[in-house]
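Here the structure comes first, spelled out in structure tokens, and everything after it is commentary.
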Amino acid sequence: MDDIDSAILSYLQRDGRLTNRELARLTGIAPSTCLERVRALRARGVITGYHAAVQPRMLGRSLQALVFARLRPLSREVISAFEAYLAPLPEVVSVFVVSGDDDFIVHVAVPDIEQLHSFLMDRVSARREVVSFRSSVIYQQTTTRVMVPFDAGVPRNG
């Protein structure tokens with residue numbers, strides 16, 4: 001990963017609809033070189049896909065929350081089954097398997113507090129492997145949309 005690959009990734013993360021010609025112009029390389037580099041980044045699994053960012057509120061999902069869940073018995077099979085159960089649910093935005101006091105953090109987006117309550121009662125607490133859960137409503141969200149390579153040689157603040 002060099003500076004040109006990093007620049008390509010930065011521009012594509014900001015706007016995945018850039019044409020190859022525009023991306024080449026922005027990065028200062030020939031269009032053919034740009035196309036080869038983008039293809040190589042996809043082939044290496046660095047670029048995993050393209051998507052449209054949407055505003056949940058505009059889709060009738062004005063309430064977002066994080067749901068923290070603990071499972072028992074804790075095993076690979078139980079974790080995999082719960083993750084597979086959650087992922088396709090229409091309320092679920094993201095599923096995280098985590099360490100610490102909780103085993104899962106689930107990001108959900110729903111129309112209102114009643115729908116959140118229904119999700120918690122009908123979807124989460126109904127599962128017998130869930131021994132406890134709690135939720136936190138998200139008031140504001142800041143998302144980092146551009147990720148750059150982490151250079152271990154560069155000192156970090158803090």
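If you go through the range 19-38 and keep only what is open to solvent by 40 Å² or more (accessible area, probe 1.4 Å) and under 14 Å from Ser6 (Cα atoms), you end up with Leu26, Gly28, Arg37.
Total residues in the range 45-69 satisfying the condition of being over 14 Å from Gln140 (Cβ atoms) and touching a strand residue (DSSP E or B) at 6+ places or on another chain (Cβ under 6 Å): the figure is 4.
Counting the residues of the range 62-86 that are touching a helix residue (DSSP H, G or I) at 6+ places or on another chain (Cβ under 9 Å) and within 30 Å of Pro111 (Cβ to Cβ) gives 9. Give the residue that is farthest from Tyr85 (Cα to Cα), with candidates limited to residues of the range 26-74 that are touching a residue at least 40 places away in the same chain (Cβ under 8 Å) and basic (Lys, Arg). For the range 26-74, the residue satisfying everything is Arg61.
Being in contact with a helix residue (DSSP H, G or I) (Cβ under 9 Å, 6 or more places away or on another chain), free of Cβ contacts under 8 Å to residues at least 60 places away in the same chain, open to solvent by 40 Å² or more (accessible area, probe 1.4 Å) and under 17 Å from Arg123 (Cβ atoms) is the requirement here; does Tyr11 meet it?
No, not satisfied.
If you check Leu41, Leu18, Leu26 for being at pLDDT 95 or above and assigned to a loop (DSSP other than H, G, I, E, B), only one passes: Leu18.
The values are calculated or read from the model by the stated rules, or taken from the named source; none is laboratory data. Not measured: the values here are computed from a predicted model. So basically every Cβ, Gly included, is an ideal-geometry build from the backbone, and we count neighbours across all protein chains shown. Note: areas computed on protein heavy atoms with side chains; ligands, DNA, RNA excluded. Shrake-Rupley method; radii C 1.70, N 1.55, O 1.52, S 1.80 Å.
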